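Below is one structure, written out as C-alpha cells; comments come after it.
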Amino acid sequence: MNKLKSMSKSWIIILVITLLLTFVQLPYYISSPGMATELAPIVKVEGGSKERGSFSLTTVRIGKANVVQYAWAKVNDYYEIYPEDYIRPDGETEDEYSNRQLHMMENSKEQATVVAYTKAKKDIDIKYNGVFVMSVIPGMPAEKVLKVGDRLFSVDGHVMKSSEEFIKYVSTKNSGDTVKLKLERKGKTMEVKVPLAVFPKEQTGEQKDKVGLGILLVTDRKVEVNPPATINTEKIGGPSAGLMFSLEIYNQLIDEDLTKGYKIAGTGTISYEGVVGRIGGIHQKIVAADKSNVEIFFAPNEFGKTRIDKNGEKILTNYQEALETAKDIKSDMKIIPVNTFDEAIAYLEKLPPKK
C-alpha cells in the first residue's frame with residue numbers, strides 16, 4: 001500500500017512539473033504539419049460553378065514554444081524549431097507578427113482574384129492608393145526614418161502605383177545614394193530623405209549584394225470584380241495559399257470543372273502576373289496533404305533554379321523538397337511542379353476525368 005501511495009505521489013509530482021513547464025516560454029517557435037482545407041466553402045463567387053472534386057489549401061501550425069513542446073519537437077519528424085528572430089524581426093511584437101501575417105493573406109487573396117478574373121476575362125477594376133511600409137529591417141537606413149504604417153506616394157518625384165514600381169526604381173540605385181520620399185503618417189504629409197545600403201545576406205539569401213532602404217512594402221489597392229467574390233479565411237495568415245485561391249476562383253468562374261473529380265491541393269504565393277513563388281514549410285504541407293488523402297499536389301518549381309545560402313550550401317526548390325518528403329513518407333500523391341498559374345491550368349486541362 002505504501003508503495004502504491006509513493007508511486008501515486010511521484011506521478012502527481014511529474015504531472016504538476018509537466019503542467020508548470022507548459023507555461024515556461026522559450027525564445028523559439030515550433031512549426032508542424034497543419035491541415036488540407038477545402039476551398040469551396042471558403043471561396044464564393046456569385047453564381048459560381050460547382051465541382052466534382054476539390055481544391056484545398058495546406059497549412060502549417062506555428063507558435064511560440066514552451067519546454068514541453070520544444071522537447072516534443074526534438075523527437076518528432078517534420079516538427080521544426082526556429083529561433084525567435086528567424087520568425088519575428090528584432091523589435092516586432094507577437095501582435096505585430098500576427099497582423100503582418102494577416103495582411104499578407106489579404107494581399108494574397110487580392111492577387112489571386114486579379115489573376116483568376118483576368119484569365120477568365122471577367123470584369124475587374126483596380127484603384128491604386130500608394131504603398132504601405134509593412135516592416136522595417138533593423139540596422140538598415142530606413143529604421144531611423146520610416147515607421148510601420150507609413151503610406152509612400154512618390155520616390156524622387158516619381159509617383160508610385162505599386163511596391164513593384166518602387167522596388168524597380170530603387171534597384172537602379174547604388175549603396176550610399178539617397179532617395180527623397182513623399183509619405184503620409186497618421187494623417188500628416190511629409191517628405192524625408194533616406195540613404196540606401198546593402199542588405200544583410202541573411203535577409204536576402206543571395207550571394208550578390210542587394211541594395212535597398214530596408215523596408216517591406218505592400219501595395220494599397222482596391223480591387224472590384226464582377227461577378228462579386230468573397231474569400232473567408234478568418235485567422236489564417238501568410239501568403240502561401242495564393243496559387244490555390246486563384247485556381248478555386250477561376251474554376252468557379254468558368255463552365256468546365258478543372259478538378260475533374262480529384263482531390264487537389266498545393267501551395268505557393270501568386271504574383272499579379274501569375275508567377276508562383278516559394279513558400280516555407282513545404283515538408284509539413286506534404287505531410288498534411290497526404291493525411292487528407294490528396295491525390296495531386298502543386299509545388300512551386302521556382303523555374304528549376306536552386307539557390308545558395310550564406311554558408312555556401314545548396315537550397316533545393318520547393319518542388320525538389322516536396323518530392324523528397326513524399327518519398328520519405330511513402331506517399332502516392334502526384335507532385336506537380338508549377339512555375340506559373342497558366343502552367344497549373346494547362347496541367348488540369350489535360351488531366352483525364354477521374355472514373
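Observations on the structure shown:
- Apart from one condition, Ser108 fits all of (1) open to solvent by 20 Å² or more (accessible area, probe 1.4 Å); (2) modelled with pLDDT of 85 or more; (3) under 22 Å from the mean Cα position of the chain (by Cα); the exception is (1).
- Failed criterion for Thr317 (all others in (1) open to solvent by 30 Å² or more (accessible area, probe 1.4 Å); (2) touching a strand residue (DSSP E or B) at 6+ places or on another chain (Cβ under 9 Å); (3) more than 23 Å from Thr113 (Cα to Cα) hold): (1)
- The set of residues from segment 324-341 being under 16 Å from Glu302 (Cβ atoms) and open to solvent by 30 Å² or more (accessible area, probe 1.4 Å) comprises Glu324, Pro337, Thr340.
- Test: residue in segment 140-156 that is open to solvent by less than 60 Å² (accessible area, probe 1.4 Å) and out of contact with any strand residue (DSSP E or B) (no Cβ under 7 Å at 6 or more places or on another chain): no
- Just one of the listed residues (Tyr82, Tyr29) is among the hydroxyl-bearing types (Ser, Thr, Tyr), open to solvent by 40 Å² or more (accessible area, probe 1.4 Å) and either assigned to a strand (DSSP E or B) or modelled with pLDDT of 85 or more (or both), namely Tyr82.
- Contacts under 7 angstrom Cβ, first residue in segment 316-334 being without any contact (Cβ under 8 Å) to a residue 12 or more places away in the chain, partner surrounded by fewer than 15 Cβ atoms within 10 Å (Cβ to Cβ), 6 or more apart: Leu316/Thr306
- The single condition among (1) loosely packed, with under 15 Cβ neighbours inside 10 Å; (2) at negative phi; (3) not in a strand (DSSP E or B) that Gly176 does not satisfy is (2).
- Within the span defined as segment 65-73, every residue fails to be outside any helix (DSSP H, G or I), open to solvent by 30 Å² or more (accessible area, probe 1.4 Å) and without any contact (Cβ under 8 Å) to a residue 40 or more places away in the chain.
- Residue count for segment 281-315 under the criterion of being at pLDDT 90 or above, out of contact with any Phe, Trp or Tyr (no Cβ under 9 Å at 6 or more places or on another chain) and over 16 Å from Ala344 (Cβ atoms): the result is 5.
- Candidate set: segment 271-296, residues that are closer than 14 Å to Leu247 by Cα and touching a strand residue (DSSP E or B) at 6+ places or on another chain (Cβ under 6 Å); chosen: the one surrounded by the most Cβ atoms within 10 Å (Cβ to Cβ): Val276
The values are calculated or read from the model by the stated rules, or taken from the named source; none is laboratory data. All figures in this text were calculated on a predicted structure; none of them were measured in a lab. Heads up, the Cβs are rebuilt from the backbone with ideal geometry, glycines too, and the neighbour counts pull from every protein chain shown. Surface accessibility is based on the protein's heavy atoms, side chains included, excluding ligands, DNA and RNA. Shrake-Rupley method; radii C 1.70, N 1.55, O 1.52, S 1.80 Å.
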